[in-house]
Amino acid sequence: MEKSAFIQCGGYGRQGLKAALRSLVEGLGGSSRFFSRGDSVLIKPNMLSASAPDECITTHPEVVRAVVLMALEAGARPFIADSPGLDRFSDVARRTGMEAVARELNIPCVELDDPTPLPPAEGAVFKKVEVSRLALSADRIINIPKLKTHAQMMLTLGVKNLFGTVVSQRKAQWHYNVGLRRESFADLHLDIARGLAPCLTVLDGITGMEGRGPSNGRPRAFGLLAASTDPLDLDFRVCSLLGAPLADFPLYQAALARGLAHEGMDWSAHGLPEGFAIDPVELPELDALHLLPPFLDGLGKRFLTSRPVQDREKCVGCGKCVRICPAGAMRMEDDGRIRIDYGRCIRCYCCQEVCPADAIQFSKGLLLRTLELLRR
Ligand code: SF4
Ligand code: SF4
């Protein structure tokens, strides 16, 4: 049996969504494989920030609703939970529509809190990771990511969504701990995904985001719903479907290094109607550090990465970028100007991710610009 299943799905209408989800789950062995009577089930959508569903930053509440209904029909005890990086959970739950789903279906919608050590999976690189106790105590986890591009990690799909179980501001601390190399951050995501081992991942790719995701890109209709018993398998197949180069995907590089993927494997997405295709997604190209060995990172940071810069015209002075910056590299002056210490900056692009006004732009390093010109 395939690990991942795909279906074309043109919108968030309830009947169509229910049928599409049922078809995907049947293809993976049926709902009894994922839900048992009485089981507590963590439903983990992407609740990155307090944004409305049509902004395409968070998982659409109708997808979450369809999954919750399936769990309830099986007699399970689902609850919706996540840990936003900066915004208040109550604001996020309300704006994203999760609170309304939970109220309608009479289930809890709660913040992931209480950091608790994650037992390391076999081959884990990071042995001392803490995630929310609620994620560890649930009998099952259903992971419901949103299909988006990501300024630092190229794409955010099934594996990356589970990083949300790291509680609140501790996410920023991890950015700082892993530093400049995107493959190290991907290693951390792999450790969390393998440690939590969600039984099912349902990807909301009906609409998603391209360009400078995960928050300030462009919404785009992809018309795709997918489900998988293995988020890594799902992510590589979706990457291929989007026309994005696997070799540039940090998660793929991390998986290759650990023997969890092999060059030349077939990552096509089976089950889609003949002729279904997605025009190549627009990716953020912000660094080419992998071209240099790690001991030259200092040089690479200067010439092969993009520096965040404030766009003063757009900036609304909320200070979110300063608060999230894991390196303490940002400071707001009295006149609203944001000073960035590029020596300290680790190019995590958290500032761009949380900016509500798209006021963090990128200035590309000299060699990065040259490389892009050569590629054209
Ligand atoms: S300035 Fe931005 S990119 Fe640099 S470390 Fe801070 S949040 Fe990350
Ligand atoms: S997050 Fe954006 S809008 Fe807010 S202070 Fe920073 S640059 Fe300005």
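The values are calculated or read from the model by the stated rules, or taken from the named source; none is laboratory data. Not measured: the values here are computed from a predicted model. No Cβ is skipped: glycine too gets one built from the backbone with ideal geometry, and neighbour counts run over all protein chains shown. Keep in mind that these areas ignore ligands, DNA and RNA; they rest on the heavy atoms of the full protein, side chains included. Shrake-Rupley method; radii C 1.70, N 1.55, O 1.52, S 1.80 Å.
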Lys/Arg Cβ at +1, Asp/Glu Cβ at -1, dipole of the range 4-257 taken about the Cα centre: which of F249, L28, H150 is farthest positive-ward?
H150
For the range 14-22, what does the Karplus curve 6.51 cos²θ - 1.76 cosθ + 1.60, with θ = phi - 60°, yield as ³J(HN,Hα) per residue in whole Hz, taken in order and with x for Gly and Pro?
5, 5, x, 5, 4, 5, 5, 5, 4
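When only C-alpha pairs under 8 Å and at least 6 residues apart count, what is the relative contact order of the range 4-257, in percent?
Values: 548 pairs, mean separation 57.2, N = 254.
Reported as a whole number, the value is 23 percent.
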For the chain, longest principal axis from Cα atoms; helix 61-73 axis from its Cα atoms; angle between them, nearest 10 degrees, is 30
Rounded, prolate or oblate, given the Cα gyration tensor of the range 204-302, with a/c below 1.5 counting as rounded?
oblate
Once Lys and Arg get +1 and Asp and Glu get -1 on their Cβ, which of V167, G319, N177 lies farthest toward the positive end of the dipole of the chain?
G319
Using a 1.4 angstrom probe, figure out how much accessible area the chain has per residue, in square angstrom, rounded to the nearest whole.
42
Pairwise centroid distance, computed over Cα atoms, of the range 169-189 with the range 305-321, Å:
22
Just to confirm my numbers, what's the Cα centroid distance between the range 278-299 and the range 232-257 in Å?
14
P(r) weight above 22 Å for the range 1-79, C-alpha pairs, percent
29
In whole Hz, with x marking every Gly and Pro, tabulate ³J(HN,Hα) for the range 119-128 from phi via Karplus 6.51 cos²θ - 1.76 cosθ + 1.60, θ = phi - 60°.
x, x, 6, 4, x, 4, 7, 9, 8, 10
Keeping the other protein chains in place, figure out the carbon and sulfur percent of the accessible area of the chain, with a 1.4 Å probe.
50
Candidate aspartates and glutamates - alpha carbon under 12 Å from K301, same-chain residues fewer than 8 apart omitted:
D287
Count the DSSP beta bridges whose two residues both fall in the range 4-257, then state the antiparallel fraction as a percent rounded to the nearest 5.
55
Rounded, prolate or oblate (a/c below 1.5 giving rounded, otherwise prolate when a/b exceeds b/c) for the range 4-257 by Cα gyration tensor:
rounded
If the cut-off is 24 Å between C-alpha atoms, which lysines fall inside it for K127, apart from same-chain ones fewer than 8 positions away?
K44, K160, K171
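Show me the trypsin sites (Lys or Arg not before Pro) within the range 331-365 that DSSP assigns to loop and that have at most 13 other Cβ atoms within 10 Å of their Cβ. Don't skip to the answer; put the middle values down first.
On the way: sites: R331, R337, R339, R344, R347, K364; in loops: R337, R344, R347.
Those satisfying the criteria are R337, R344.
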Please find, in a Gaussian network model of the chain (springs between Cα atoms separated by less than 10 Å), the residue of A261, A102, A81 whose mean-square fluctuation is greatest.
A261
Just to confirm my numbers, what's the Cα centroid distance between the range 1-61 and the range 69-136 in Å?
15
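List the GluC sites (Glu not before Pro) in the range 111-142 that DSSP assigns to loop (not H, G, I, E or B) and whose Cβ has at most 16 other Cβ atoms within 10 Å. Which are they? Before the final figure, lay out the partial values.
Details: sites: E111, E122, E130; in loops: E122.
Loop-located and lightly packed - E122.
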